[in-house]
Structures are given as structure tokens and as C-alpha cells.
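The values are calculated or read from the model by the stated rules, or taken from the named source; none is laboratory data. Quick caveat, the model's predicted, so the values are computed rather than measured. Here the Cβ positions follow ideal geometry from the backbone for every residue, glycine too, while neighbour counts run over all protein chains shown. The area values use the complete protein model at the heavy-atom level, side chains included, leaving out ligands, DNA and RNA. Shrake-Rupley method; radii C 1.70, N 1.55, O 1.52, S 1.80 Å.
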Amino acid sequence: MPAPRPSLVPLPTHLSWRPGHFTLNRHTAVRVSAGAEPAAALLRTLLAPATGLRLPTSPDGPLVLALDPQLRGLGEEGYGLTVGPDALLLRAAHLTGLLRGIQTLRQLLPPEALAGRVRRGTPWELPCAEITDVPRHAWRGFMLDVARHFQPVAELRRYVDLLALHKLNVLHLHLTDDQGWRMPIAAYPRLTEVGGRRAQSMVGPAGSTVHDGIPHQGAYTRAELTGLVSYAAARGVTVVPEVEMPGHTRAALAAHPELGNVPARRLAVWTDWGVCDTVLAVDEPVLDFCRTVLDEVMDVFPSPHIHIGGDECPTTEWAASPAARARAAAEGLPDTAALRGWFLGRIGAHLVGRGRVPTAWAESGEGLPSEFTVMAWRDPEHTRLALKQGHRVISCHHRAAYLDYAQSADPAEPQAQPGPLVDLRAVHGHEPPDDTAMTGELLGMQAQLWTEFAPTADHVDRLVFPRLCALADRAWHGAAPWPGVHGRLRAHAARLAALGVRHGPLDPYVPLPHRPAEGQS
């Protein structure tokens with residue numbers, strides 16, 4: 001009886017199985033066309049730990065990586081993969097397409113190929129197949145909040161690899177918030193010295209807060225972040241930074257109280273969750289501060305999109321501030337509430353002047369300047385509104401893409417954000433509105449993990465996986481029938497186990513135990 005065929009996640013656009021298999025062994029060499037060398041390097045990097053194979057370059061190697069600019073129908077990320085008994089051909093019009101195809105090649109191998117150490121005695125066979133694969137959406141992202149709970153850069157690199165395996169192409173880092181500032185800014189070292197540390201870590205059951213008296217701290221170095229950007233780029237992943245303003249800035253105000261609406265007030269980094277009512281002031285020195293910070297952010301992150309938060313900005317401090325009221329009057333604004341849009345417009349213009357795309361959360365679907373790319377999270381109707389207004393939009397609907405919500409009603413479910421269940425089927429059912437008559441452009445979709453209730457890497461893994469796999473499948477392939485998706489995800493769990501991912505339940509009603517990586521307990 002032939003071996004069962006691999007379950008691929010995400011599902012390719014077109015897939016036809018053929019009889020036979022192609023075997024990688026110590027004699028296998030790689031034929032590399034001009035410009036495909038980075039793809040060959042990645043292939044060796046990813047396969048060597050488990051297989052021990054060198055895969056040297058040879059002009060007559062049976063494993064061929066070919067760049068062909070004439071393959072215009074594949075776009076930036078599409079690829080064609082032909083696996084025969086005696087040869088394997090991976091073709092793409094662009095290098096990024098080859099990088100995506102390499103991830104499919106990995107999934108065609110036994111799950112042991114993803115392990116971190118050499119597996120002796122495993123036949124490294126790929127079933128013969130013909131695949132043509134092009135993504136449905138250009139933006140397929142995952143946001144990790146490292147402001148609430150810091151994660152070391154090694155974990156971020158691990159997540160880059162996990163995103164790349166699932167053909168997700170954006171790692172959005174939420175670097176600053178009321179509870180922590182993680183990005184070093186040379187002009188303002190106190191942002192991490194003071195803002196990177198809070199007095200207590202608070203993780204309690206859903207809906208509660210525990211003040212445990214244990215400090216929580218952490219910040220990245222510039223070298224760590226630039227290294228992360230390069231590591232991600234080699235895998236076809238863009239790192240998008242987010243620095244919140246004008247709200248969610250309590251950590252910055254703890255470091256620099258002069259930036260606030262009550263400059264004489266001394267604040268601590270916030271140790272509660274939710275929306276803090278302390279926000280930045282609206283005078284020129286504050287705008288200069290923001291521009292200086294963003295200039296340093298842009299020096300580290302070449303991403304076209306620079307995220308500045310922008311939502312959940314209480315305006316009570318501005319209403320009470322004579323300086324803010326005077327600013328609103330001077331700018332001809334109807335009231336101090338309109339200062340949010342004015343502030344974002346000033347900062348957005350600075351980013352545009354530097355050749356970048358300002359990006360922000362849309363809380364209501366309205367009020368963002370036209371040059372902003374919108375991340376619509378609260379309601380699908382806000383996605384529709386932003387598209388009607390001509391924005392480029394990324395759908396982040398919280399009831400389908402916020403992975404901090406519980407994924408099942410099982411009593412063993414770890415603590416999570418209070419709110420609706422967001423199970424595997426809800427995530428895969430995420431379908432952004434996209435009316436071709438609208439003047440804007442739907443770029444794609446993104447999942448989010450806010451880490452109020454996820455202090456460790458194990459917590460993060462359990463909340464993110466396998467739900468992120470379901471979103472990746474939807475974002476790349478589209479609306480595949482749910483029974484088939486569910487079956488593929490169950491088979492895909494063997495790959496997650498090989499990678500040491502301590503994932504959550506694969507079924508919302510009959511949870512499966514997650515399996516630790518080798519050497520872990």
C-alpha cells in the first residue's frame with residue numbers, strides 16, 4: 001500500500017499527485033540558476049539539522065532551483081514545483097517565490113525533517129507531484145505583543161521560522177505600550193532604562209488582575225533588531241515595527257514626564273491592563289520627540305509600513321489641558337477630540353516624507369488621514385468603511401483573528417482574554433469584505449496575540465498554534481472546505497511536534513495534549 005500523502009498547510013492553489021517519489025540522499029546535489037543562490041542557502045540551512053545532508057551545488061544536480069522572470073503569472077510570491085522520481089524542479093519569477101516553494105518542499109518530506117537534530121535511518125522521500133501555487137492575499141501577517149510581556153530575540157527568530165513555514169510574510173512587532181518600551185532609542189536612553197521595566201508582573205485568571213510584586217523587564221539592543229530583520233528577510237518575512245502614539249504611551253511618560261499633559265506629574269510604568277488615560281501632549285517638542293523616535297525606528301526597520309498604533313486614545317487629558325485646548329483652537333479644530341486625527345496627520349506626513357507608509361489601527365473605521373494603511377479590528381463594517389474611503393486595509397477582526405481569546409470552553413484551557421471563544425473554525429472562517437467597487441484596496445489579513453495573559457513562550461505557543469495555521473491556510477489558499485482543513489491540521493500537528501511547538505487543542509471539544517520538544521518536559 002502506498003504511503004499516505006502529506007497534508008500541506010496552507011493548501012496549494014493547484015496540486016496533482018503523481019506515482020513514485022524523489023529521494024534526497026548524500027549524493028543529491030543542487031543545480032542553482034543565477035540569482036537563486038539565497039534560496040539554495042536557505043534550503044541547506046533548513047534541511048541540514050535533521051537530515052545531515054550537504055546538498056552541494058552541481059551543474060547537473062537533480063534538484064533544480066530556477067529563477068525565470070518570464071513566469072509572470074506567478075507574481076512576487078508564486079512558484080511552480082515538479083517532483084519526479086529522478087528530478088525535482090522548483091521555479092519562480094522572483095526569489096521570494098523560491099523561498100515559498102522551499103517551505104512546501106519541507107512539508108513534502110517526513111515531519112522528522114523539521115527536527116533540530118540529525119535523525120538516522122529516516123528515508124528522506126518526497127512524493128511525486130505537480131504544484132502551481134500563488135497566494136490569495138499579499139499581506140499575511142502575525143502580530144506579537146512584546147510590550148506587555150517581553151520575549152527574547154531568540155523567540156522572535158523562532159517565530160520568523162514558524163511564519164515562513166506557513167507562508168506568512170509579515171511579523172508585526174508591538175514594541176511599545178503603557179506597560180513597557182522595548183525598542184532602544186539612542187536619543188532617549190531612558191525609554192528602555194525606565195520604560196522597559198515595571199514593578200510587577202500581573203497574570204491572573206481571565207478577568208482578574210494579580211499584583212505579584214515581581215518586576216518584569218526587557219528591551220532589545222539595536223544589533224538584535226537589525227539581526228532579526230536580516231534573519232527574517234532571508235526567509236521572505238518582513239518585520240513591521242509598531243511604536244504607539246499618541247495613546248498607549250504610559251511607559252514613555254514614566255521615562256519622560258515632560259512629554260505629558262501634566263509635565264510636573266511623576267508616573268510609573270503602568271501595571272494594569274486596558275486603556276490608560278495618560279496620553280502624549282500636543283506641543284511641538286512632543287512632535288519632535290515622536291519624529292526622532294521614528295527616525296531611529298526607520299533606521300533599523302526597512303519595512304515600507306511603519307505602524308504608530310493610533311487607536312484607543314482617551315481625550316480627557318486634552319480636554320482638561322489649557323495648552324491642548326489652545327492647540328485645537330489654533331489649528332481650527334472643532335474640539336480637543338479632533339486632536340487625535342491632527343496628531344496622526346502630522347506624524348503620518350513625516351513618515352510619508354521619508355518614503356514610508358504610515359499604518360494604524362482603525363477603532364471606528366473613520367478618522368484616519370487618507371495616506372494611512374488601516375488595520376481594521378473591531379468590526380467587519382469598519383473594513384468596508386475604510387475601503388470606501390480609499391484606504392489600503394488589512395483585516396484583523398478580533399472575533400476571528402485575536403488569538404488572546406480562549407480557543408475552547410474546556411476547563412483545562414489556560415487563562416485568556418475575557419470575551420468570545422475564537423476556535424479553529426472561527427479563525428479559518430475569517431473572510432474580509434472585499435467589494436471590487438470600493439476605491440480602496442484589501443491588502444490581506446493578520447492575526448494578533450496581545451500578551452496580557454501570555455508571559456512565557458509556552459503560553460504564547462499554546463495560544464497561537466494551531467490557530468495561526470488556520471489563518472495561514474485561509475490567507476494563502478482561501479475558502480477550502482472545513483472538514484478537509486481540519487484533517488490537514490490534525491496531520492500537520494506532527495510537524496509542530498517536531499518543531500517543539502507546545503500547541504493548543506486541534507479540536508475545540510476534544511483537546512489533544514500538546515507535545516514538548518525533545519529534551520523538554
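Size estimate for region 92-175 follows the Kirkwood approach: the inverse of mean 1/r over distinct Cα pairs works out to 15.1 Å.
Given 37 °C and 0.692 mPa s, compute D for region 1-141 with the Stokes-Einstein relation, Rh being the Kirkwood radius over Cα pairs; round to the nearest whole µm²/s.
Numbers: Rh = 15.3 Å.
Rounded to a whole number, D works out at 215 µm²/s.
For the chain, DSSP calls about 35 percent of its internal beta bridges antiparallel. Take region 137-288, compute every pairwise Cα distance, and split them into 5 Å bins from 0; I just need the percent in each bin. The distribution over region 137-288 is 2, 9, 17, 19, 17, 15, 12, 6, 2, 0, 0, given as percents. Here the sum of -39500 (n - 2.57) over DSSP H runs of 4 or more residues, divided by the residues of the chain, equals -9000 deg cm²/dmol at 222 nm, to the nearest 500.
If one computes the Cα centroid of region 68-115 and of region 442-509, what distance in Å separates the two points? Centre-to-centre (Cα) distance: 23 Å.
Taking 8 Å as the Cα distance limit and 6 or more residues as the minimum spacing, I'd like the relative contact order of region 297-417 as a percentage. Mind showing how you got there, number by number?
On the way: 163 pairs, mean separation 22.0, N = 121.
RCO, region 297-417: 18 percent.
The alpha carbons of region 371-483 occupy a box of 46, 32, 21 Å along the principal axes, longest dimension given first. Relative to the 2.2 N^0.38 Å rule of thumb, region 130-171 has a C-alpha radius of gyration ratio of 1.43.
Each peptide in 449-460, 313-324 receives the mean, over its residues, of other Cβ atoms within 10 Å, and ordering these scores from highest gives 449-460, 313-324.
Short-range pairs are left out: with C-alpha atoms under 8 Å and at least six residues apart, the relative contact order of the chain is 14 percent.
Ordering Trp181, Trp17 by accessible surface, largest first, gives Trp17, Trp181; the 1.4 Å probe counts only protein heavy atoms, with every chain in place.
The calculated Kirkwood hydrodynamic radius for the chain is 24.1 Å, given to one decimal from all distinct C-alpha pairs.
The portion of the accessible surface of the chain made up by carbon and sulfur, rounded to a whole percent, is 55 (1.4 Å probe; DNA, RNA and ligands excluded). Proximity of backbone amide H atoms, modeled 1.01 Å from N, is registered between Arg148 and Thr451 at under 5 Å, excluding neighbours fewer than 5 places apart on the same chain. Do you know the relative contact order of region 207-356, to the nearest whole percent, from alpha carbon pairs under 8 angstrom that are 6+ apart? Taking the mean separation of contacting Cα pairs over the length of region 207-356, I get 25 percent.
Volume of the convex hull of region 151-205 (Cα atoms only), normalised per residue: 125 Å³.
Size descriptor for region 227-345, Kirkwood hydrodynamic radius: 15.5 Å (Cα pairs only, one decimal). Here the Karplus curve 6.51 cos²θ - 1.76 cosθ + 1.60, taken at θ = phi - 60°, turns the phi angles of region 77-94 into couplings of 10, x, 8, x, 10, 10, 10, x, x, 10, 7, 10, 10, 10, 10, 7, 7, 9 Hz, with x standing for Gly and Pro. Per residue, the accessible area of the chain comes to 38 Å², computed with a 1.4 Å probe over protein heavy atoms only.
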